[in-house]
Amino acid sequence: MKKKFCTLICCLVAGLLSLAGLAGCGKVSLLEENLIDDNYDNYYEIFVRSFKDSDGDGVGDLNGVTEKLDYIRDLGYTGIWLMPIHPSPSYHGYDVTDYYNVHSDYGTLEDYENLIQSAHDRGIKVIIDLVVNHTSSRHPWFTSSVVYKNGNGGSAEYVDYYNWSTKNLEGYNKNGNIYYESHFDSNMPDLNLDSSKVRSEIENIMKFWINKGTDGFRLDGVLYYYKGQDLKSADFCKWIKQTAVKYNPKAYIVGEAWTNSIDSLSDYYESGCDSFFCFPASQASGYVAASVNTNSAATYWSSSKIVKDMAGNGIPAPFIGNHDTGRAAGVMQRNPDKIKFAYGLLSMYNGNTFTYYGDEIGMIGSQNDPDKRIGMLWDTKENTTKAPPGVTSTEYIFPGVKKQLKDSNSILNYYKVCNNARNAFPAIMRGESKLLANDDPFVLAFQKTYGDETVKIVINFAESEKKIGGIEGTLAQGICVSGKVKQSSGTLTLPKYSIAILK
Ligand code: CA
């Protein structure tokens, strides 16, 4: 219901914009959306601290995200993933001190509820990071337990929440006379996930946020739940999914199992969680970059089958970069044509794509983590949020949102056309694929079928124009890094790195 309403609004807005005479000035040709009420969505990952400041203190906040929901929806995203929003001593928030509140820098629980309502009004789902492999070492559960374990008072109440040892084991750190499991960092003590008290706490946390309207969770660091025991970790993921759906039958769960092993990822999908990020498709050595850099239709075609098949009955979750990896523009060597084409190829995969904020304008990072999390460039560098601690570079190589929105050939508008195609043709995200014959190794022609819809997709991987005949159907959308796809007397003319979608 909400999605249909939103489609109507979007069409009205598009109509008004064209009436306002903006044609040729940022106008891109968009198709009418055909959204289905399921867990397939284009997701946009947001680091709240660096996204949008609403109150002038220079720090991004939840109200800032709310202000930008129209921007996000207009880009074609129907889901957002918020990196941790809870109180935490670190700037990134992956060490939580209170799971039932919002970081004071980010706002209040009321701001969160308002964000959820505003997102839902626009047909956008909101998922949040669920960081339950570990807490902060400053979490009261840990601080009271570590004092108790050292025989200095404290409380025994939460001792069972963590794993302790009198010996120095691998992955343990020391406090006083006692060692505690903490694989990531000494500031991140691992929770004892075998404890029924911990599980009941995690259930309460999920219930708390689902009751606020949260549509699902991104599970942080699932490989670490039971480090080195993937099946046991997958079983815990299964428990999370089963617990979440008790409170929202549609809860969407996507796990971070950071591995390139297809077998492992398939095992994790057996848990029944909706999605696990497709790391093999991401970063400089992943499927998407390899397909672009080798101009290879065959590489892309085989990867598209792997991406879909590893998910079994679940939803693939391909992406190019996130807050821990190189940004998409860096992965594609800062080359605007390659940055665009990489997103085009990602967008033709089945499943939910995940886009890290700022990748749609070609923001870049560096090897240094804080540099991957700098202020969103809405306009000029002067009006971004404060740099997170530890930033060594705030380089921006492409214009900000304001300029790119007005440039029909911008990276931003290319992303918009890709997302729109996915929203217009349900088969792109959900369909069964079949190869269509053609005799050019630089050109891939295939079709996707979902229900009674079949779309044909023809991709030119070459850095020069290609003419392809023999593909039946009517051109519905051309996605080009430059130029235009044309169809005449049964022949498609495909500019370099272009994608044609036929009905
Ligand atoms: Ca602020």
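Helix 336-347 and the long axis of the chain differ in direction by around 80°, with both axes built from C-alpha atoms. Pairs LYS340/LYS467; LYS52/LYS372; LYS406/LYS484; LYS456/LYS484; LYS250/LYS456: which are spaced more than 24 Å apart, C-alpha to C-alpha? From LYS340/LYS467; LYS52/LYS372; LYS406/LYS484; LYS456/LYS484; LYS250/LYS456, over 24 Å: LYS250/LYS456. Taken over the C-alpha atoms, the chain has Rg and Dmax values of 23.3, 85 angstrom.
Short-range pairs are left out: with C-alpha atoms under 8 Å and at least six residues apart, the relative contact order of segment 432-502 is 30 percent.
Between helix 140-149 and the chain there is an angle of about 40 degrees, using the helix long axis and the longest principal axis of the Cα atoms. The modelled label-to-label distance for the pair THR380/SER285, using points 7 Å beyond Cα in the direction of Cβ, is 4.2 nm.
Carbon-plus-sulfur accessible fraction, segment 379-503 (probe radius 1.4 Å, protein heavy atoms only): 49%.
How do LYS174, LYS149 rank by accessible surface area computed with a 1.4 Å probe, from largest to smallest? Provide the component values of the computation, followed by the final result.
Values: LYS174 115, LYS149 80 Å².
The ranking, largest first, comes out as LYS174, LYS149.
In plain terms, the chain from SER489 to LEU231 could stretch by 87.4 nm, reckoned as 0.36 nm per residue minus the Cα-Cα distance. Once R0 is set to 51 Å, what does the formula 1/(1 + (r/R0)^6) return for the Cβ-Cβ distance between HIS120 and THR166, expressed as a FRET efficiency to the nearest 0.05? So the FRET efficiency works out to roughly 0.50.
For segment 42-160, the gyration tensor built on C-alpha atoms gives a prolate shape. Its axis ratio a/c (a ≥ b ≥ c) is at least 1.5, and a/b is the larger of a/b and b/c. Backbone amide hydrogens, once placed in the peptide plane, bring GLU45 within less than 5 Å of TRP81, THR355, TYR356, TYR357, excluding anything fewer than 5 places away on its chain. Looking at the chain, the accessible area is 39 square angstrom per residue; that uses a 1.4 Å probe and ignores ligands, DNA and RNA.
Extension gain, ASP55-GLU32: 0.36 nm per intervening residue step, less the Cα-Cα distance, totals 4.7 nm. A Cβ-based charge dipole, computed about the Cα centre of the chain with Lys and Arg at +1 and Asp and Glu at -1, lands at about 1200 debye.
Using a 1.4 Å probe on the protein chains only, how many percent of the accessible area of segment 140-181 belongs to carbon and sulfur?
43 percent
Along segment 28-44 the Karplus relation, 6.51 cos²θ - 1.76 cosθ + 1.60 evaluated at θ = phi - 60°, assigns HN-Hα couplings of 10, 7, 10, 9, 5, 6, 9, 8, 10, 7, 9, 9, 8, 8, 8, 9, 10 Hz to successive residues, with x for each Gly and Pro.
Placing dummy labels 7 Å off each Cα toward the beta-carbon, the span from ASP440 to LYS402 is 4.2 nm.
Could you give the length gained on full extension between LYS212 and SER196, defined as 0.36 nm per residue of separation minus the Cα-Cα distance, in nm?
3.3 nm
Helix 2-19 axis versus longest C-alpha principal axis of the chain: approximately 50°, rounded to the nearest ten.
The values are calculated or read from the model by the stated rules, or taken from the named source; none is laboratory data. Every value quoted in this text rests on a predicted model; they were computed, and no experiment measured them. Neighbour counts run over all protein chains shown; Cβ positions are idealised from the backbone, glycine included. Note: areas computed on protein heavy atoms with side chains; ligands, DNA, RNA excluded. Shrake-Rupley method; radii C 1.70, N 1.55, O 1.52, S 1.80 Å.
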